[in-house]
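The values are calculated or read from the model by the stated rules, or taken from the named source; none is laboratory data. All values reported here derive from a predicted model rather than from experimental measurement. Counting neighbours? That spans all protein chains shown, and the Cβs are built from the backbone with ideal geometry, glycine included.
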Ligand SMILES: C[S@@+](CC[C@H](N)C(=O)[O-])C[C@H]1O[C@@H](n2cnc3c(N)ncnc32)[C@H](O)[C@@H]1O
């Protein structure tokens, strides 16, 4: 029996709601500590004095690093269970607000955002919804806003094995929670080319940083083409000026 797209979305949301109190165990894996410290260092430095929109903030693990230098953060997630955990963290003098919001609409994100952040969200985007999300997310950000996204690379022996691939090329993992409950979770591992192709019409000064366990992209928002016309023009292909990759 095939699993419908609404059911998969519901699975993902329920899975993270039930995982809220045990979520940050994933950040304790010993082999990943060097990368995590590196990513935290970038986030501490990069959003200095910016007003940041964070999508799918979860328990606020990365929010706390962004808060070290940002002016404000609107941290959003669809699950009140994870936001409840996030609210217990210390964000020092940064103005941090948490709102329940669906990442595909972000209807209550109405500020003048000069920064955008998504941690470990791209990997949960079904391929068929990537362009919808990208367009909507960038529509909330100011021209020249700084965007950072981070996510997992698939690493044999460290990542949860993939259980299947669907007709769209989405991959899945079977995950188990502390209470024994099991969920099939959509988890994709996009390569640099796929990311570039998806955001090229919205980005300038693009950089891809390839770590052992994670990737990070950073760029500035370019609205002049994509923002005015709405959907990215389909016929604009070829090399993207200003794109570099750091490995
Ligand atoms: C892998 S966790 C990432 C959490 C956090 N950004 C981090 O990196 O630690 C994915 C998050 O996406 C949230 N989520 C799932 N579906 C969502 C949706 N449709 N809209 C907003 N958030 C969603 C989950 O509640 C969960 O907190």
Test: residue in the range 142-150 that is surrounded by fewer than 19 Cβ atoms within 10 Å (Cβ to Cβ) and either within 16 Å of the ligand (Cβ to nearest atom) or assigned to a loop (DSSP other than H, G, I, E, B) (or both): no
Residue in the range 125-133 that is part of a loop (DSSP other than H, G, I, E, B) and at pLDDT 95 or above present: yes
